[in-house]
Amino acid sequence: MPRRWIHLAALFAITLPLLGGCAADTKNAMRVAASTDSAKGIHQEQSVRGVSPLVDKHWVQDPRNYYETQNVVINKAVSVPILEYHEAKYVPGDIATLKPGQFLSEIEWLHRHNFHTINFGQLYAAMYHGYKLPPRPIILTFDDGYESVYFNVYPLLKKYHDQAALFVIAGYTHEKPNRKKEFPNLTIPELREMQASGLVDVEDHTMTHPDLRTLSESKAQYEIHGSAQVLEKIVNHPMLFFCYPDGGYTQETISLVRKAGYLLAVTQNGGYANWRQGPWTLHRISVLDFTTLQDFAKKLSPSLS
Ligand SMILES: [Zn+2]
């Protein structure tokens, strides 16, 4: 495919969702673009599609903070902490939860120390296309799509005007609340409301949350590609960012994720995300119920120096 058509496909991939266009066509355009260039290495075909519509408007509208290059330019200076949260309420005995008031004190700490929450579109654009990030950028991620995010996190995102990404298990999405479960999942209306706010980006965490390392290629394909088709219909935008269940992946898994058109993927390997890890095995920093504010500050100390 000629380069200009690849760019056009990418451009449609971002403008159609903005116009409320057909998500399926959008995804197809993206898949074509991704697979066409896969033999040529890093995302040269994707120069615009990671930038919008997910980018925070404030930074896009100010030309001093934003510029875009036509070609891939890996910015080796980009090093961003991606925080990894799960259940946003306290469940004693389960460390992947949060103590009462914990997230509030963490988000207040971030503001006191001049951190700016960004989204994955901004990170991708900064890593590969010359996008300039705000000072002390940080990404908040919540895995598995628990309903506690809607009640305990979303109100604080609105109050402080912060962003977060949700990695949602497509097969667990449902219309009505399931609050008899110990860990209720978000409903489809809640997912749509949060995505529409512009503060929350819903992204992909497979269909059923299996260990991808143990699956046949066809089953892994279903988990990685099929889940995107489900989630795209719910939030009406292409799935561009992926999270491996329990951080498990192989080279084959990475290849499937890349071919499926995801721009970036995150793991449970600890530390700041940077270009050395490659786009599909970015590291994260986990926050658990025993993480004190002192621990939290220590994990983010590289940003303060
Ligand atoms: Zn998970």
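The values are calculated or read from the model by the stated rules, or taken from the named source; none is laboratory data. Quick caveat, the model's predicted, so the values are computed rather than measured. Here the Cβ positions follow ideal geometry from the backbone for every residue, glycine too, while neighbour counts run over all protein chains shown.
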- [ ] Return only the number of the condition from (1) surrounded by fewer than 17 Cβ atoms within 10 Å (Cβ to Cβ); (2) under 16 Å from VAL168 (Cβ atoms) that GLN221 does not satisfy.
- [x] (2)
TODO: Would you be able to say whether some residue in the range 132-150 is under 23 Å from LEU98 (Cβ atoms) and exposed (fewer than 14 other Cβ atoms within 10 Å of the Cβ)?
DONE: no
Task: Pair list, Cβ under 9 Å, 6 or more apart: the range 293-305 residue basic (Lys, Arg), other residue in a loop (DSSP other than H, G, I, E, B) - done: LYS299/PRO81; LYS299/VAL287; LYS299/THR291
Task: Subset of the range 216-260 (residues that are without any contact (Cβ under 8 Å) to a residue 24 or more places away in the chain and over 23 Å from GLN277 (Cβ atoms)) - done: SER216, SER218, LYS219, TYR222
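Every residue, every condition in (1) among the hydroxyl-bearing types (Ser, Thr, Tyr); (2) within 20 Å of ALA165 (Cβ to Cβ); (3) at pLDDT below 90; (4) loosely packed, with under 13 Cβ neighbours inside 10 Å, yes or no:
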| residue | (1), (2), (3), (4) |
| --- | --- |
| ILE42 | no, no, yes, no |
| LEU54 | no, yes, yes, no |
| TRP59 | no, yes, yes, no |
| PRO63 | no, no, yes, yes |
| ASN71 | no, no, yes, yes |
| ALA77 | no, no, no, yes |
| ASP94 | no, no, no, no |
| ILE107 | no, yes, no, no |
| PHE115 | no, yes, no, no |
Task: Within the range 244-254, tally of residues that are part of a helix (DSSP H, G or I) and either loosely packed, with under 15 Cβ neighbours inside 10 Å or within 15 Å of the ligand (Cβ to nearest atom) (or both) - done: 6
Open item on the list: Checking the structure you have, find out if any residue of the range 206-213 is among the acidic types (Asp, Glu) and touching a Gly at 6+ places or on another chain (Cβ under 7 Å).
Closed with: yes
Open item on the list: I'd like the full set of residues that are touching a residue at least 12 places away in the same chain (Cβ under 8 Å) and more than 16 Å from the ligand (Cβ to nearest atom), limited to the range 90-107.
Closed with: TYR90, LYS99, GLN102, PHE103, LEU104, SER105, GLU106, ILE107
TODO: Six or more apart or on different chains, Cβ under 9 Å: which pairs go from a residue in the range 122-150 that's over 23 Å from TRP109 (Cβ atoms) and within 16 Å of the ligand (Cβ to nearest atom) to one that's among the aromatic types (Phe, Trp, Tyr) and assigned to a loop (DSSP other than H, G, I, E, B)? Could you list them?
DONE: ASP144/PHE183; GLU147/PHE183
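Within the range 259-305, can you find the residues that are in a strand (DSSP E or B) and under 25 Å from PRO92 (Cβ atoms)?
Across the range 259-305, the qualifying residues are GLN268, GLY270, ARG284, ILE285, SER286.
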Open item on the list: Scan the range 196-205 and tell me whether some residue there is within 22 Å of GLY247 (Cβ to Cβ), modelled with pLDDT of 95 or more and assigned to a loop (DSSP other than H, G, I, E, B).
Closed with: yes
Task: Residue tally, condition more than 14 Å from the ligand (Cβ to nearest atom) and not in a helix (DSSP H, G or I), over the range 206-224 - done: 2
Open item on the list: Can you tell me which condition LYS181 does not meet? The list is (1) out of contact with any Lys or Arg (no Cβ under 9 Å at 6 or more places or on another chain); (2) within 16 Å of the ligand (Cβ to nearest atom); (3) touching a residue at least 12 places away in the same chain (Cβ under 8 Å), and all the others hold.
Closed with: (3)
